[in-house]
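*Asks:* Can you read through this structure? Questions will come right after.
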Amino acid sequence: MHELRCADPAHCAIFKVYAPEWAWKQAKEIHVYRLLADLGSALPVPQVLHHTPARAPGGRAVTILSLLEGRPLSEASKDLDAAQIPSFYRQMGAALATIHQIGQDAYGYVTDRILDPRPDNGTYMRHQFAKKLTEFKTLGGADRLHDAVARRIERDGTLFDNCRAAALCHNDLHEGNVLVAPGDAARVTGIIDVENAIAADPLLDLAKTDYYSLGRGEPERNALLEGYGPLPADAAERLDLYRLYHALELWDWFRSIGTHGPLDSIAADIARLACRRTDTPS
């Protein structure tokens, strides 16, 4: 990915070239960004200015996106007072609520369509947990944690059925994928990186942003939920189950790429979340 800066800022752009094995992601990005563009100015996302698919053997797919103002919150936060961070999380919550206005007719992984669509959230989430638990065991995860997660899903999995409609979910809205205005203006200027987008329960998306706010605390969580707006009556319980899913998924990912440093901390999260009761405050 390359950044093209011109004398006229209006013509600055992101020039993205896909390796052959990742060329399939081009159709997904174009599809999802265009869905989000239909929301208008309510959500600042890059515009797809041009795209060329890979046609010849060895050819590269290319997409040109508009360049948004700002830099990632993960970088900008180092220069900000801690008291400013909740304002960004409030705007992140509002951004998620806006994205979730885009309904989907099934549950599953999004490309330019839904792959292996599942008809309801219960079926989808049980399938996802089973897949991640299998990966966890294959990757050498502790049997006691595997079994604890399985028991939690067996006990509380009916909560999944409370979601009646799927929505488009960003599924990776953490500080690295949120652009903010330079200087002291507490303003989100861009939402980027839609490569993980799925069709799912909106609360699954909200839980990921919350779980991935590593190092943050109650002020940021409260601001996130406040920005998102009204939640269903069982939100605390569902969010808790979804945090467990994201912890399990993250452990599998780090272990699969050989990154061992965070594993003990994530395993502790899995143990804590797997033992929660649904009537325990999140």
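The values are calculated or read from the model by the stated rules, or taken from the named source; none is laboratory data. Since we're looking at a predicted model, the values are computed, not measured. Heads up, the Cβs are rebuilt from the backbone with ideal geometry, glycines too, and the neighbour counts pull from every protein chain shown. The protein model used for the area step is the full one, side chains on, heavy atoms only, and it has no ligands, DNA or RNA in it. Shrake-Rupley method; radii C 1.70, N 1.55, O 1.52, S 1.80 Å.
*Asks:* Kindly establish whether Arg243 is within 26 Å of Asp156 (Cα to Cα), open to solvent by less than 30 Å² (accessible area, probe 1.4 Å), in a helix (DSSP H, G or I) and of a type in the set (D, E, K, R).
*Replies:* Numbers: within 26 Å of Asp156 (Cα to Cα): yes; open to solvent by less than 30 Å² (accessible area, probe 1.4 Å): yes; in a helix (DSSP H, G or I): yes; of a type in the set (D, E, K, R): yes.
When the stated conditions are applied, Arg243 passes them.
*Asks:* Can I ask one more? Only residues that are of a type outside the set (Asp, Glu), more than 13 Å from Tyr212 (Cα to Cα) and surrounded by 12 or more Cβ atoms within 10 Å (Cβ to Cβ): list them for segment 247-261, please.
*Replies:* Scanning segment 247-261 gives Trp253, Phe254, Arg255.
*Asks:* Across segment 24-63, which residue is modelled with the lowest pLDDT among those that are among the hydroxyl-bearing types (Ser, Thr, Tyr) and open to solvent by 20 Å² or more (accessible area, probe 1.4 Å)?
*Replies:* Taking segment 24-63 as the starting set, the residues that turn out to be among the hydroxyl-bearing types (Ser, Thr, Tyr) are 33, 41, 52, 63.
The next check asks that each one be open to solvent by 20 Å² or more (accessible area, probe 1.4 Å); those that pass are 41, 52.
On the way: Ser41: 81, Thr52: 89.
Checking each candidate, the answer is Ser41.
*Asks:* Ile114 passes all but one of (1) open to solvent by 20 Å² or more (accessible area, probe 1.4 Å); (2) touching a residue at least 60 places away in the same chain (Cβ under 8 Å); (3) on the phi > 0 side of the Ramachandran plot; which number fails?
*Replies:* For Ile114, the failing item is (3).
*Asks:* Let me ask another. Just to verify a result, which residue in segment 208-240, among those that are among the charged types (D, E, K, R) and under 16 Å from Asn177 (Cβ atoms), is surrounded by the most Cβ atoms within 10 Å (Cβ to Cβ)?
*Replies:* So in segment 208-240, the residues among the charged types (D, E, K, R) come out as 208, 210, 216, 218, 220-221, 226, 234, 237-238, 240.
Narrowing further to those that are under 16 Å from Asn177 (Cβ atoms): 208, 210, 216, 220.
Numbers: Lys208: 25, Asp210: 23, Arg216: 18, Glu220: 23.
In this case the residue turns out to be Lys208.
*Asks:* Okay, moving on. Only one of (1) under 18 Å from the mean Cα position of the chain (by Cα); (2) over 15 Å from Leu96 (Cα atoms) fails for Leu224. Which number is that?
*Replies:* Evaluating Leu224 over (1) under 18 Å from the mean Cα position of the chain (by Cα); (2) over 15 Å from Leu96 (Cα atoms) leaves (2) as the failure.
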